[in-house]
Amino acid sequence: MPTNLQSAEYDTVGQKRWVWPGFAIPGVVWLSLLFLVPFYAIFAIAMGRIDPLLSRPVPEWNPFYWDPTVFADVLASLFGGQLGVVALRTVGYVFVACALCVLIGYPVAYFVSRKAGRWRWIWLLLILAPFWINYLMRMMSWVNLLSPDGQVNQVLAAFGATNLPDWLAGHHFVVILGLVYGYIPFFILPLFAALDRIDDATLEAARDLGANNAQTFWRVTWPLSRNGVLGGLVIVMLPMFGDYYTPNLLSGSPRTRMIGNTIDQFINQTTSQGAVGAALTIVLMFFVAGLMVYYLASINRATEEARR
Amino acid sequence: MVYHPRQNWTPAGRRRLYTRRDFLQRAAVLGIAVPVLPSLLAACGDRGGSEGGELVVGTPSNPVEQPLFDDNTAIESGLEAEEGPLQLYNWADYINPDLIPVAEEALGVGIEIATFFNEEEAISRLASGEVAYDVWFPTSQRVAVAVAAGLIQPINHDYLPNLANVWPQLADPYYDQGSRYTVPYVTYTTGVAWRNDMADSADIEGQENPWDVFWNPKYAGQLGLYDSFTDTIAMALFRNGVADPSQASEADLEAAGDALVELIDLVDVRYTIDGAYVGIPEGRFALHHAWSGDLVNSQYYWPEDGDYTVTRYLWPASAEGSSVNGPISNDTLAIPVNAQRPVLAHKFLDFMLDENNALENFGWVGYQPPQINLTPAYLIENEWVADFLEPALVTPEDFERDTAWVQGPLDAETEALWSDQWTRANSGG
């Protein structure tokens, strides 16, 4: 009697072949409903028309009638036009903010995961606790702290400082600090997990083989945590690129405007220009998707290397 | 081309709730159209879209009656009020919450408030026909669009005895002569707000062009404009001496954009939405572009040890010595065409037009109701508004000034030009 295990209908553990892929169905349905369809809708708006009476964009669902003019205008403006300035500034802000996340977040994650001993969960909790408060609320409190007669300036004045700065007057570094503060726990968390996974035995082995502390770190810990850093960066980068509350609240100056502000403007203010906002959203999504692909490729490479 | 208002015009979801096209569009949004994509594409063969009715836009010098339509008539007189709850569709924080229980008692029904974030969102949702609110709070500049798109119904004045309390200029307003579709809610002007401890009043008062103070390098880092493209572009146009921003040429707009770009380096301008009522009390701004109602409101945002009496406001259209124009406007109350409780809605409109209720609402909202008896003198005498803020109060005659400008709707093409300049102005170098 032939066993079921060899038949085409069953896999090696005796389950019908469709069972395991079947578990993916809810995820596929979820993604198509809440990602693909809205994404298509954004395309339909970017390539659509304007309702002449209500002055608002009308989505064009049929790709045969898509009108790419708005899209072309947006691309032209991004490369060498007005929007290019904003896009470049956004990339710069995110880049600096990410670098700061690494500089600040790495030592914190390292300490909590490797040095804090049995208090590590308390430390982790303390780091995360402020972030149970809504992002907007936290930015609002920064506004209070940094306003001309706010607590920061009060402290400075107490130390005898005169000529107190107006922190909210449109400084690049204030916006960048806001971004870092807002998103850094999402960098620390995956990095913590990556550092936490490193087996102490590998570090001991490095020491036994004669590596000093610095060598152990650079040749063992850092390479093993690199994907944690990348993962954390991807997680903080994505919302930073779309952020518009931070520059709005902490500055409001045209100097510190980010691409998210511009998208917000086209969608919520000059609403008849909604198609421009939609086109800009698509470009931003592709750009961010490019970063995501780099991350996935790098993870993939690391897994391959680990297997060898 | 001029269409008869109803020619070619079937607002989605108004007359026929489910045309095939509408259904498929909605289905596509819900994501259930994926299996029926071919039929969806077929349904889109009709390229027309929604052709507009004719917009009838009035100005104070050229008042208009909004057209009436056979298929959109006011309710009969003397009907029984419906069961509640009454559904309001309003901006956030734009009605005194303490007034709601009073209204509930007066009307004998519960009241529910839904809010919109901006007017475009409100119009989109009302035009989709997916929502049915009983009372909506449109600005006067959208009334023509709302009528042409069949979003609001005519009102029956038999239910509105309190309309007699309203300034004649707004009981029979330029944008809707005879108050066929709307009643006025609150009025406001747009001008300059400042603190006289941080800014020199002489730089604004008595100036020939008070708007020009925003270009005064003395106030670098201390001044803000509204993060609102219509208000701010219009302001820059006035400052450049354009009398009617609605008629601004492309060159005018370009010059206004240049002027705003100049502000970035000249005065470190910032764009805010709360700068007038929060930023000034907090000392973040010495001066700010301001809606008069925001400034009246600002008194509640001062820190306890702050001195509210330094607040000042000026509307360039009425200021002595000023030769430039300034915006004035008002918001309205209207009844959506698909309101489920039109009789109750009329009663609510009348409730809001009652003098005491209007005053009570003003005390919280800060925007002034156009009531005949609630004159600036009365409001100041009874300490609703401090005397130094008298310039922030609107009088009925203000609407008749040659220097007063009312904002009309921008068509999509013009808005694109304004939008381009706005993008330039706020992108930074």
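Okay, here's what the table says:
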{"item": "Test: residue in region A:101-113 that is under 30 Å from B:Ile280 (Cα atoms) and either small (Gly, Ala, Ser) or in contact (Cβ under 8 Å) with a residue 12 or more places away in the chain (or both)", "result": "no"}
{"item": "Whichever residue in region B:264-285 is among the aliphatic types (A, V, I, L, M), buried (at least 24 other Cβ atoms within 10 Å of the Cβ) and touching a residue at least 60 places away in the same chain (Cβ under 8 Å) and, among such residues, is farthest from B:Gly221 (Cα to Cα)", "result": "B:Ala276"}
{"item": "Any hit, region B:175-184, residues being within 14 Å of another protein chain (Cβ to nearest Cβ) and in contact (Cβ under 8 Å) with a residue 24 or more places away in the chain", "result": "no"}
{"item": "Given (1) crowded, with 17+ Cβ neighbours inside 10 Å; (2) in contact (Cβ under 8 Å) with a residue 40 or more places away in the chain, number of the condition B:Asp203 does not satisfy", "result": "(2)"}
{"item": "Meets criteria (of a type outside the set (A, V, I, L, M, F, W, C), surrounded by fewer than 24 Cβ atoms within 10 Å (Cβ to Cβ) and in a helix (DSSP H, G or I)) for B:Pro303", "result": "no"}
{"item": "Residue within region A:76-89 that is at the interface with another protein chain (Cβ under 8 Å from one of its Cβ atoms), among the small types (Gly, Ala, Ser) and not in a helix (DSSP H, G or I) present", "result": "no"}
{"item": "B:Tyr174 being among the hydroxyl-bearing types (Ser, Thr, Tyr) and not in a loop (DSSP other than H, G, I, E, B)", "result": "no"}
{"item": "Scan of region A:267-280 for residues that are within 17 Å of A:Tyr245 (Cβ to Cβ) and either more than 10 Å from chain B (Cβ to nearest Cβ) or buried (at least 23 other Cβ atoms within 10 Å of the Cβ) (or both), ordered by number", "result": "A:Gly277"}
{"item": "Residue that is crowded, with 21+ Cβ neighbours inside 10 Å, touching a Lys or Arg at 6+ places or on another chain (Cβ under 9 Å) and either polar (S, T, N, Q) or not assigned by TED's automatic domain parsing to the domain that holds B:Tyr133 (or both), where the choices are B:Leu314, B:Leu253, B:Leu260", "result": "B:Leu260"}
{"item": "Tally of residues being within 26 Å of A:Asn268 (Cβ to Cβ), buried (at least 16 other Cβ atoms within 10 Å of the Cβ) and either in contact (Cβ under 8 Å) with a residue 12 or more places away in the chain or away from every other protein chain (no Cβ under 11 Å) (or both) across region B:98-124", "result": "5"}
{"item": "Test: A:Tyr135 is assigned by TED's automatic domain parsing to the domain that holds A:Glu204 and within 19 Å of A:Val220 (Cα to Cα)", "result": "no"}
{"item": "Within region A:245-308, helices (runs of 4 or more DSSP H) holding 1 or more residues that are more than 30 Å from A:Ser147 (Cβ to Cβ) and not aliphatic (A, V, I, L, M)", "result": "A:274-307"}
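Per-residue answers, yes or no, for (1) crowded, with 21+ Cβ neighbours inside 10 Å; (2) under 18 Å from B:Pro138 (Cβ atoms):
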{"position": "B:Ser318", "(1), (2)": "no, no"}
{"position": "B:Gly326", "(1), (2)": "yes, no"}
{"position": "B:Asn357", "(1), (2)": "no, no"}
{"position": "B:Leu389", "(1), (2)": "yes, no"}
{"position": "B:Asp402", "(1), (2)": "no, no"}
{"position": "B:Val406", "(1), (2)": "yes, yes"}
{"position": "B:Ser427", "(1), (2)": "yes, no"}
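The values are calculated or read from the model by the stated rules, or taken from the named source; none is laboratory data. Predicted model, so just to flag it, every value in this text is computed and none were measured. No Cβ is skipped: glycine too gets one built from the backbone with ideal geometry, and neighbour counts run over all protein chains shown.
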